[in-house]
1. At 20 °C and a viscosity of 1.002 mPa s, what translational diffusion coefficient does Stokes-Einstein give for segment 164-300, taking Rh as the Kirkwood radius over Cα pairs? Give it in µm²/s as a whole number.
2. Below 8 Å, C-alpha to C-alpha, sequence gap of six or more: please give me the relative contact order for the chain in percent.
3. Let's see if you can work this out: charge +1 on each Lys and Arg Cβ, -1 on each Asp and Glu Cβ, no other charges. What is the dipole magnitude of the chain about its Cα centre, in debye to the nearest 20?
4. To one decimal place, what Kirkwood hydrodynamic radius in Å is obtained for segment 79-212 from all pairs of distinct Cα atoms?
5. For the chain, just run the numbers: alpha carbon Rg, then divide by 2.2 N^0.38 Å, N being how many residues it has.
6. Quick one: accessible area per residue over the chain, 1.4 Å probe, rounded to a whole number of Å²?
7. Tally Lys and Arg at +1 and Asp and Glu at -1 over the other residues with C-beta under 13 Å from the C-beta of residue 163: what net charge comes out?
8. Once neighbouring chains are kept in place and the probe is 1.4 Å, which whole percent of the accessible area of segment 93-239 is contributed by carbon and sulfur?
Amino acid sequence: MAGLSRKFRRLRQSEAATGLMLISPTALYALALLAIPLGAIVLISFWTQTGVRDFDTTLTGANYVEALSDPIYRALMFRSLRIAGLVTLVTVLAAFPIAYFVSFGVPAQKKSLWIFLITIPFWTSYLIRVFLWKVILGYNGVFNSGLKVLGVIDQPLTFLLYNANSVVITLAHAYAPFAILPIFVALEKIDRSLLEAARDLGENRVMTFLRVTLPLAAPGVIAAVLIVFIPTIGDYVTPELIGGPGGTMIANMIQAQFLRLNNAPLGAALAVLAMLIVSVIAVAFLVLGSRASGAKGTRK
């Protein structure tokens, strides 16, 4: 028995060593490209910039005090949260019907084709899609020209471009496939017999959707919310190109601090605060998702 126990321990140690060898390249890659830069940003946020490339490495919290006390930075952060929240809401509300249709309304042999069609926007450069929306929403763009031809308006609408509205529309379009796919996967996992059972028990289609389909699809919805919300709040390309003064977000200020205003520590502090806020919101949604999954398991 003692010899068998030793062999078993050696086997487990060898399996553990093999596992470490398998994950070590990925772990080192993540450490080099994710953890180290993130740690550098956190460290720089406690420094003070004294010249173009000179830093006072004495640790100080002055950058965080300025970031939290300056009304401009607070306004940009709240605007970023508001825009990211609106983009997430619009994207998920638009994505759910599409995912539902593909999952429940399309024959199984054609679902792959629909998923393929949904991913077509990824074939085009993100910048090209942004500029296309600039053409569509512009003062003399496609939308205004069409309304003028139809006689709906006499003068072009000016609130479509260079404000928060254009940022929301463009980002919602850009991130729509990211929301459709996780919701579709969650809907595909739903046991259709549960829906049939609900109908047999007298529930109509609306109540079956609200009491069975939607709760079971909640993990996919939560995943879609996180996938859209997290990158949206850090986007600076779209606000830079079509946002105008009213569509500027916190990421644009972070970029300006690093590249234009020569204050990398303050930009790093703003970045850290933005990451902390996003992390808190993400954890809250993950808790909601886990509770939804727990409630689903209890009902089963």
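The values are calculated or read from the model by the stated rules, or taken from the named source; none is laboratory data. These numbers were taken from a predicted model, which means no experiment stands behind them. Cβ: placed from backbone, ideal geometry, glycine included. Neighbour counts: every protein chain shown. The accessibility values were calculated without ligands, DNA or RNA, using every heavy atom of the protein model including side chains. Shrake-Rupley method; radii C 1.70, N 1.55, O 1.52, S 1.80 Å.
1. In µm²/s, the coefficient is 122.
2. 25
3. Around 1200 debye, computed over the chain.
4. When all Cα pairs of segment 79-212 are included, the Kirkwood radius is 17.5 Å.
5. Values: Rg = 24.9 Å, N = 300, 2.2 N^0.38 = 19.2 Å.
Rounded to two decimals, the normalised Rg is 1.30.
6. Values: 17720 Å² over 300 residues.
That works out to 59 Å² per residue.
7. So the environment of residue 163 carries a net charge of +3.
8. It is 69 percent, rounded to a whole number.
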